[in-house]
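Participant: Below are the structure tokens for one structure; questions will follow.
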Amino acid sequence: MKVAIVHELLTVRGGAERVALCLADMYPDAEIFTLLYDESKLGDWFPRYRIHASRLQPFAALTKQFNHHLYLPFFRGAVEAWDFSSYDLVVSSSSSFIHGLRVPPGTPHVCYVHTPARYLWDQTLAVQERMSTPVRALASRLFHRLRTWDASVADRPTTLVAASDAVKRRIELYWGRHSEVVHPFADNEWFALPPKHTPVAAGPFVTVANLRGYKFLERAVEACIRVGVPLRVIGDGPARGALEQLAKGGDVVFPGRLEGNMLRDELLAARALIIPGIEDFGINAVEALACGTPVITVRGGGTEEIIDSTTGITCNPDAAGIETAVRSLNSFGPGACRSRAERFTQAQFEQQMYSVIEAAVSATANASR
């Protein structure tokens, strides 16, 4: 069986890319399609010989411009230009455009949806408010066209798989379609070592994210400064400068982007992980729980499906809500945290995805008879 794996963008290392890597490993002979491919960032995960980048790749490679915002008007055409007529199965990973692939009749297309594009739906106004007036006017027209297309092509995949119940609700609301839920996972390395032995009573709080406006990291900074507790903001991105200005006078440290054992050490030493924005799922929460560290998160996203009353606190999505949670944080047992994390392993993800894909292949074959 000839299989194609399709992922939006291979330009950064993130949770969505880890899902795409797992799908690629599940089908090691599959070819991988992506809109843009930055080999310097992801060549060790996705080797060049497996990659089919879109027609936008030559310009991006020549100019070293992999910022996806530059290509938004062109992604729709690039997605629809791919030819999958020689493939028996297409498995895709979508956050914006990939669900719009054109696949021949009789070819199953299983689309793993991290979320319908939030800048086209529930975050449109918030995104546009951060733009200058001329850019906002252009973006408004572009977003309207893309939103219309986004909804109109939602019936193209054979099967939709949602990353969380929160994403499942968005799919129903914006696309009017049913989806199966298969949660993402923490890498196996997070379970290779035991969690901390006892709760941390006096360590710092931490937050881990790409430092961008839609992550609402200022909520965590403001809350920890008000309470007078240390905070470590792990990650990098365009919002770092503004966050550092906001953090002046507080006990807030910016270690930059950390991975592997360095990130694990930070989570082991933390009192709690703070996730201040509404996440599609929130893989960092699973990683923290695997270390035995509780999580403070906000209502409305996939992180509510990860933690429970024995492993963390869910609060209102603002600085005041996080401040209340920080002040009221009690000891949570590391063992309970680890047990909760073990609900979200790579083996479970693979088993569930194989089941969904096999069902889609079988249903498509029966419909063709």
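Just so it is clear, none of the values below were taken in a lab; they were calculated from the coordinates. Bear in mind the structure is a predicted one, so any value in this text is a computation, not a measurement. FYI the Cβ positions are ideal-geometry reconstructions off the backbone, even for glycines, and counts take in every protein chain you see.
Participant: Going down the list Lys215/Lys248; Lys168/Lys196; Lys2/Lys64, which pairs span over 24 Å between their C-alpha atoms? List each step's numbers first, then the result.
Facilitator: Details: Lys215/Lys248 20 Å; Lys168/Lys196 34 Å; Lys2/Lys64 32 Å.
Correct reply: Lys168/Lys196; Lys2/Lys64.
Participant: Something else: For segment 188-341, what proportion of DSSP beta bridges, expressed in % and rounded to the nearest 5, is antiparallel?
Facilitator: On the way: 0 of 16 bridges.
The antiparallel proportion sits near 0 percent.
Participant: Give me Thr207, Thr293, Thr63, Thr124 sorted ascending by neighbouring Cβ count inside 10 Å, so fewest comes first.
Facilitator: Sorted ascending by nearby Cβ count, the order is Thr63, Thr124, Thr207, Thr293.
Participant: Could you compute the FRET efficiency for Arg257 and Asn316, with r as their C-beta to C-beta distance and R0 at 41 Å, rounded to 0.05?
Facilitator: Details: r = 29 Å, r/R0 = 0.70.
Efficiency at R0 = 41 Å is approximately 0.90.
Participant: Once every DSSP H run of n ≥ 4 in the chain is given -39500 (n - 2.57) and the sum is divided by its residues, what mean residue ellipticity at 222 nm do you get, rounded to the nearest 500 deg cm²/dmol?
Facilitator: Numbers: 14 runs with 141 residues, N = 369.
Using -39500 (n - 2.57) per qualifying helix, the result is -11000 deg cm²/dmol.
Participant: Among the DSSP beta bridges whose two residues both lie in the chain, what percent are antiparallel, rounded to the nearest 5? Before the final figure, lay out each step's value.
Facilitator: Details: 0 of 42 bridges.
Bridges in the chain are about 0 percent antiparallel.
Participant: Suppose every Lys and Arg Cβ carries +1 and every Asp and Glu Cβ carries -1, with no other charges. What dipole size does the chain come out with about its Cα centre, to the nearest 20 debye? All intermediate terms of the calculation are to be shown ahead of the outcome.
Facilitator: On the way: 38 positive and 39 negative charges, 170 e Å.
Here the size comes out at about 820 debye.
Participant: Filter the GluC sites (Glu not before Pro) in segment 216-298 down to the DSSP loop ones having no more than 14 other Cβ atoms within 10 Å, then list what survives. Walk me through the numbers before you get to the answer.
Facilitator: Details: sites: Glu218, Glu222, Glu244, Glu259, Glu266, Glu279, Glu287; in loops: Glu259, Glu279.
Here the sparse-neighbourhood loop sites are Glu259.
Participant: So, one more: Express in whole angstrom the spacing between the alpha-carbon centres of segment 208-230 and segment 75-97.
Facilitator: With segment 208-230 and segment 75-97 each reduced to a Cα centre, they are spaced 37 Å.
Participant: Give the label of the value calculated from the structure for Kirkwood radius over Cα pairs in Å, choosing from (1) 24.6; (2) 21.5; (3) 26.2.
Facilitator: Only one listed value fits the structure, namely (2).
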